[in-house]
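The numbers here are math on the coordinates, done by the rules we state, and not lab data. Keep in mind that what you see is a predicted model, and the values were worked out from it rather than measured. No Cβ is skipped: glycine too gets one built from the backbone with ideal geometry, and neighbour counts run over all protein chains shown.
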Amino acid sequence: MLPKLNLDAHNHMIKNQQKQKIYYDRNAVKKEIAYNKGDKIYVQNYKTQIWEKGEIVEKLKTPRSYKVQMENGKILRRNVIHIRKRKVLSLEGSTTSPMHIDKHKPLKEKSKIPTPITTRSGRQVKKPDRLEY
């Protein structure tokens, strides 16, 4: 009684390796986000970990590197890991017609004093500066 030999073991191993490669490649590489000159972005400060406003100046020859101008005028070189797109509201494209305002009725002005938001336990919620509330 000799043990049964699997003559197709090499082909079976190759097939399993190819299947594993497909599953690995599915999530292994993140697709690079391409930024253009003039894009409004956030740049992470590597010391404080705070995201600050900036603008793309140019794409550099090295992979994933950009030259970024900060709000204070500094020009930095940053990797895409430390860059995030910033949503900028544009008012140019609005095609709304002017509203009809009745001159006889005075407009009511509401004083809008923000009330502090508190949790159930009573702690006051502080919103982060980077989200521009």
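Numerical summary
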| quantity | calculated |
| --- | --- |
| Under-5 Å amide H pairs with LEU60, H placed in peptide plane, nonlocal only | SER65, TYR66, LYS67 |
| Burial ranking of peptide ranges 13-23, 71-81 (average Cβ count within 10 Å, highest at the top) | 71-81, 13-23 |
| Residue list for region 24-45, given a label point 7 angstrom along the Cα-to-Cβ vector of LYS74 and an amide N cut-off under 14 Å | 43-45 |
